[in-house]
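The values are calculated or read from the model by the stated rules, or taken from the named source; none is laboratory data. Just so you know, these numbers come straight off a predicted model, no measurement behind them. Here the Cβ positions follow ideal geometry from the backbone for every residue, glycine too, while neighbour counts run over all protein chains shown.
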Amino acid sequence: RKEVEQDPGPFNVPEGATVAFNCTYSNSASQSFFWYRQDCRKEPKLLMSVYSSGNEDGRFTAQLNRASQYISLLIRDSKLSDSATYLCVVWTGNQFYFGTGTSLTVIP
Amino acid sequence: ETGVTQTPRHLVMGMTNKKSLKCEQHLGHNAMYWYKQSAKKPLELMFVYNFKEQTENNSVPSRFSPECPNSSHLFLHLHTLQPEDSALYLCASSQYNYGYTFGSGTRLTVV
């Protein structure tokens, strides 16, 4: 079983839509969680950390469910510029593990 | 200069050439990584260095040879590569559980 699993998509949504991605992790002792964004032919960049109580940054909301071992990312009022691949990342205490990414395309 | 810097940004090399990719981090991080990303594929972890000691080699062919002379510098030496090795090679650094930062990558084409 992979350490981190994501639905690869693609997700194609109209502008203004709300879209949610989930990511599951296998190591129950995992300590820290992040969402990264990767634009086409560019390096991944940190989008936001995920805190136990959930956290919001503008149109983006991240949630952590330790009991079910998943993290989620909700994007409200999608913009064309949100089109990218979204990677979930888990720190187990020893190592970082990256999901394979979920591709999002926002359509005009 | 800040962050993670990779050079060169683009590299075209023949299958018999020897070249090196360079990565430098100015963040004081303790760990550095090499990743390979082929077109439209996920990241593939190649090597991990912690405090300049190699802690992971993800079954990478010997034609890729990493070198980490200190905690701030990481090299990837390339020799007798194959066309299928053409990809984006990304360096990253981290400090324990935070600050995972990628360089802009080297886009490698093997001809």
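Miscellaneous remarks
- The combined condition, being more than 17 Å from B:Ser20 (Cβ to Cβ) and aliphatic (A, V, I, L, M), is not fulfilled by B:Ala87.
- Flag if A:Tyr36 is of a type in the set (Ser, Thr, Tyr), touching a residue at least 24 places away in the same chain (Cβ under 8 Å) and within 12 Å of another protein chain (Cβ to nearest Cβ): yes
- In segment A:59-72, the residues that are within 13 Å of A:Ala29 (Cα to Cα) reach residues that are of a type outside the set (Lys, Arg) and surrounded by 13 or more Cβ atoms within 10 Å (Cβ to Cβ) with C-beta atoms within less than 7 angstrom, at least six apart or across chains, in these pairs: A:Gln69/A:Thr24; A:Gln69/A:Tyr25; A:Tyr70/A:Asn22; A:Tyr70/A:Cys23; A:Tyr70/A:Thr24.
- Listed conditions (1) more than 14 Å from chain A (Cβ to nearest Cβ); (2) closer than 30 Å to A:Asp7 by Cα; (3) buried (at least 19 other Cβ atoms within 10 Å of the Cβ) are all met by B:Pro61, apart from (3).
- If you check A:Thr24, A:Thr18, A:Thr92 for being of a type in the set (S, T, N, Q) and within 12 Å of chain B (Cβ to nearest Cβ), only one passes: A:Thr92.
Per-residue answers, yes or no, for (1) of a type in the set (A, V, I, L, M); (2) modelled with pLDDT of 90 or more:
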position	(1), (2)
B:Thr2	no, no
B:Met13	yes, yes
B:Thr16	no, yes
B:His26	no, yes
B:Asn30	no, yes
B:Leu43	yes, yes
B:Phe47	no, yes
B:Thr55	no, no
B:Asn58	no, no
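- Test: residue in segment B:27-50 that is within 10 Å of the chain's Cα centre (by Cα) and surrounded by fewer than 17 Cβ atoms within 10 Å (Cβ to Cβ): no
- Meets criteria (farther than 17 Å from A:Arg37 by Cβ, away from chain B (no Cβ under 14 Å), under 13 Å from the mean Cα position of the chain (by Cα) and in a strand (DSSP E or B)) for A:Leu104: no
- Residue that is modelled with the lowest pLDDT, among those in segment B:75-96 that are surrounded by fewer than 19 Cβ atoms within 10 Å (Cβ to Cβ) and either in contact with a His (Cβ under 7 Å, 6 or more places away or on another chain) or within 11 Å of chain A (Cβ to nearest Cβ) (or both): B:Tyr96
- Residues of segment B:5-46 that are among the aromatic types (Phe, Trp, Tyr) and under 16 Å from B:Leu81 (Cβ atoms): B:Trp34 alone.
- Strands (runs of 3 or more DSSP E) contained in segment B:10-93 and holding at least 3 residues not hydrophobic (A, V, I, L, M, F, W, C): B:18-25, B:31-37, B:44-50, B:53-57, B:64-70, B:73-79
Each row is one residue, and each column tells you yes or no for (1) polar (S, T, N, Q); (2) out of contact with any Asp or Glu (no Cβ under 9 Å at 6 or more places or on another chain); (3) free of Cβ contacts under 8 Å to residues at least 60 places away in the same chain; (4) within 27 Å of A:Thr85 (Cβ to Cβ).
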residue	(1), (2), (3), (4)
B:Lys22	no, yes, yes, yes
B:Met32	no, yes, no, yes
B:Glu44	no, yes, yes, yes
B:Asn58	yes, no, yes, yes
B:Ser62	yes, yes, yes, no
B:Leu74	no, no, yes, yes
B:Ala92	no, no, no, yes
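- Residue check, A:Tyr97 away from every other protein chain (no Cβ under 13 Å) and of a type outside the set (D, E, K, R): no
- For segment A:45-101, filtering for residues that are under 26 Å from B:Lys40 (Cβ atoms), basic (Lys, Arg) and within 15 Å of the chain's Cα centre (by Cα) leaves 1.
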